[in-house]
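Reviewing the structure listed below.
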Amino acid sequence: MNSMFWEELFQQKIDNEIKIEPKDRMPEKYRQTLIRQISQHAHSEIVGMLPEGNWITRAPSLKRKAILLAKVQDEAGHGLYLYSAAETLGISRDEMYNQLHTGKAKYSSIFNYPTLTWADMGAIGWLVDGAAIMNQVPLCRTSYGPYARAMVRICKEESFHQRQGFEILLTLSKGTEAQKAMCQDAIDRWWWPSIMMFGPTDDASPNTEQSMRWKIKRFSNDELRQKFINMIAEQVKILGMTLPDPDLKWNEERKQYDFGKINWEEFWNVLAGNGPCNKQRLHARIKAWEDGAWVRDAALAYSEKKQTHKAA
Amino acid sequence: MKHLTDYILHLADNALIMGQRNAEWCGHGPILEQDIALTNISLDLIGQSRYLYQYAAELAGNNATEDSLAYLRTEREFKNCLLTEQPNGDWGQTILKQFLFSTYQLYLFEWLQQYQDERLKAIAAKALKEVTYHVRWSSEWVIRLGDGTEESKQRMLNAIDALWMYTGEMFIPSESEMALQIPLDRIYKQWDAKTKAVLNEATLLIPEKVFMQKGGKSGVHTEYLGYILTEMQYMQRTYPDSEW
Amino acid sequence: MKLYTNKFYYGDYGESKHGAADISSPQTNKQEWPLWEIFIRSRQGLDHKHVGSLHAVDAAMAIENARDVYTRRMEGISIWAVESKHIHASNPDDAANLYEPSNDKVYRHPTFYNLPDAIKHM
């Protein structure tokens, strides 16, 4: 079979919504693009534990503490599902960690912003998880089987995350003056970074086309961003709060919300490592990994000892 | 009634402080699977503390709630054992602390199955299932680390050295434990046999003639508790009378 | 800013290099815990179903990890763990000669047979 021929067949399979499975023949570029996308998604879940983990010990009630703890733990689970999916493509989790720790692989930039108040837990759930869900739901139908299955599981679990976030803000919005101010402040700080989560505008993302053809990505950055803004611009009214964008208004002609200019300079800078918490986040991950080395080694040594013992 | 309330608060404080300490690990564990495992234990413990505080709040009256009991009492009012408030240290120290504490909870909750107070009995019955798993999980880790590498063994010896002096207090009856006739001597014997068996399998020696610290049950704590409460209670103290 | 424009973007993940992922040769790390495939029976009467994988040093730990990772929401009542290296899989390139021969044996399916409507319960 010449290579032109099988690559056409491969594309045909994808066009017909037939899933690609781990041992199937696939173009090397498809495999590499997937490894990068899935592993960076996994890294985002793991690094994403840190900003929220920051408030677990300070949560204002026992109920909120338990919810937040369960939520951050879910993120660990999601990272694990995604690492598992990437491992089916022939890369080990340790190798992926190594890429994260050395800066070769990135994670979602949103997690380089600090969580300053309790209201940030609400804003992250509502805005950040909301934006993530927008990205993730279409991925449940992505062309690579293990990735799609991991995403189905993740989306199912994520649905509580956004709701708990909104509920935190709703409670604050009905609370004391200090709570209302805290709520508005968190929305003000998280709004722009969360709409940046969809990535650069379509004309600045030239590889989108190939990914769309492979159905690794199913909607463009701008499409998803617009959908998200339309949704949030309505929901914020229920909170009685505002979004920090004077240009945000309904455009009757487009049947969409118009919005102001995104500060792409900030975006590129956070991406390049100059965000408020880039160093802190990476340091925390590296420290956990290095501090855990003796634990992992000991567990392995013990099990090997037991196996030799059994064999003898 | 005061004795029962005090005793339930003591059990609740134990569970909460252990849960709070374990929660500090969330996102920082040595491997993803175990990060998730320890968080599950933390969630179980916080859950236990909530059932206990809710019961204590009903007994205490005065509009007490689970949150007012957890967030608005001071370090001299907390009745948890000193063991629970000790720092996490490395993974080995956290594991050992969990094992020593869970084993105590296991035999205590087993005994509470025949206790006359129905509500407490029910809480203990639910918790017992969780605690049985905590003992299994933590004892396996104690064995693995004790009998793993030279480094892990040394770290476990350090952990024993740091924690053993806080184990005695669990079995010294407080006023309320005496009044309620909690058979701590019997629970101690079971605890002692289990810890000896596990540490023995882990090739770790149990120290002898350790001078035991005490005071937690009557609110005389180590310095660590103040910081735990400062952090945990910060929101409730800063924004009193608010809904969250 | 031009520097970034020919990179591949998914959302706001940055890339350190242009183009495809930078995958170093997949050297196996001897210190990495083995990989296990996890199968879960969601309730009595159903088959165990593959749910994903995880790392563990031995079978007992694999089952405990699976309990913590894959049954946090009451998804299961029984767990199987199989070390991934012990799974033998058919080769997808053989799919044609393995599975297609059964395509023309429609007489194995009950719907192949036309029976009068009068016959019930068959």
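The values are calculated or read from the model by the stated rules, or taken from the named source; none is laboratory data. Just so it is clear, the model here is predicted, and its values are computed rather than measured. Glycine also receives a Cβ, built like all others from the backbone with ideal geometry; neighbour counts cover every protein chain displayed. Just so you know, the surface numbers come from the protein's heavy atoms only, side chains and all, with ligands and any DNA or RNA stripped out. Shrake-Rupley method; radii C 1.70, N 1.55, O 1.52, S 1.80 Å.
A few comments on the model shown:
- Long-range neighbours under 9 Å by Cβ, at least six apart or interchain, first residue within 13 Å of chain C (Cβ to nearest Cβ) and of a type in the set (G, A, S) within segment A:100-125, second assigned to a helix (DSSP H, G or I) and open to solvent by 30 Å² or more (accessible area, probe 1.4 Å): A:G103/A:L282; A:A105/A:N98
- Enumeration of residues in segment A:196-227 that are crowded, with 21+ Cβ neighbours inside 10 Å and in a helix (DSSP H, G or I): A:M196, A:T208, A:S211, A:N221, A:L224, A:R225
- Going through (1) surrounded by fewer than 19 Cβ atoms within 10 Å (Cβ to Cβ); (2) modelled with pLDDT of 95 or more one by one, A:I187 falls short only on (1).
- Set A:A132, A:A86, A:A76: member being within 14 Å of chain B (Cβ to nearest Cβ) and closer than 25 Å to C:M74 by Cβ: A:A76
- Hits in segment B:6-33 - residues which are touching a Lys or Arg at 6+ places or on another chain (Cβ under 8 Å), in contact (Cβ under 8 Å) with a residue 60 or more places away in the chain and not in a helix (DSSP H, G or I): B:P30
- Of all residues in segment B:1-60 being among the hydroxyl-bearing types (S, T, Y) and crowded, with 23+ Cβ neighbours inside 10 Å, the one that is nearest to A:H283 (Cα to Cα): B:T39
- Filter result (at the interface with another protein chain (Cβ under 8 Å from one of its Cβ atoms) and open to solvent by 90 Å² or more (accessible area, probe 1.4 Å)) within segment A:269-304: A:K287
- Pick from segment A:242-268, criterion assigned to a helix (DSSP H, G or I) and open to solvent by less than 70 Å² (accessible area, probe 1.4 Å), ranking: farthest from B:G27 (Cα to Cα): A:W264
- Any hit, segment C:85-101, residues being among the β-branched types (V, I, T) and at pLDDT 95 or above: no
- Residues that are surrounded by fewer than 16 Cβ atoms within 10 Å (Cβ to Cβ) and either away from chain A (no Cβ under 14 Å) or of a type in the set (S, T, N, Q) (or both), drawn from segment C:32-57: C:R43, C:Q44, C:G45, C:L46, C:D47, C:H48
- Flag for A:K29 being outside any helix (DSSP H, G or I) and within 13 Å of chain C (Cβ to nearest Cβ): no
- Exactly one residue out of A:K174, A:K106 is basic (K, R) and either more than 30 Å from B:L16 (Cβ to Cβ) or buried (at least 22 other Cβ atoms within 10 Å of the Cβ) (or both): that is A:K106.
- Some residue of segment A:124-145 being under 15 Å from the mean Cα position of the chain (by Cα), β-branched (V, I, T), surrounded by fewer than 22 Cβ atoms within 10 Å (Cβ to Cβ) and in a helix (DSSP H, G or I): yes
- Selection from segment A:1-60 of residues that are more than 20 Å from A:L89 (Cβ to Cβ) and small (G, A, S): A:G48, A:G53, A:A59
- Given (1) at the interface with chain C (Cβ under 9 Å from one of its Cβ atoms); (2) open to solvent by less than 10 Å² (accessible area, probe 1.4 Å); (3) touching a residue at least 60 places away in the same chain (Cβ under 8 Å), number of the condition A:I154 does not satisfy: (1)
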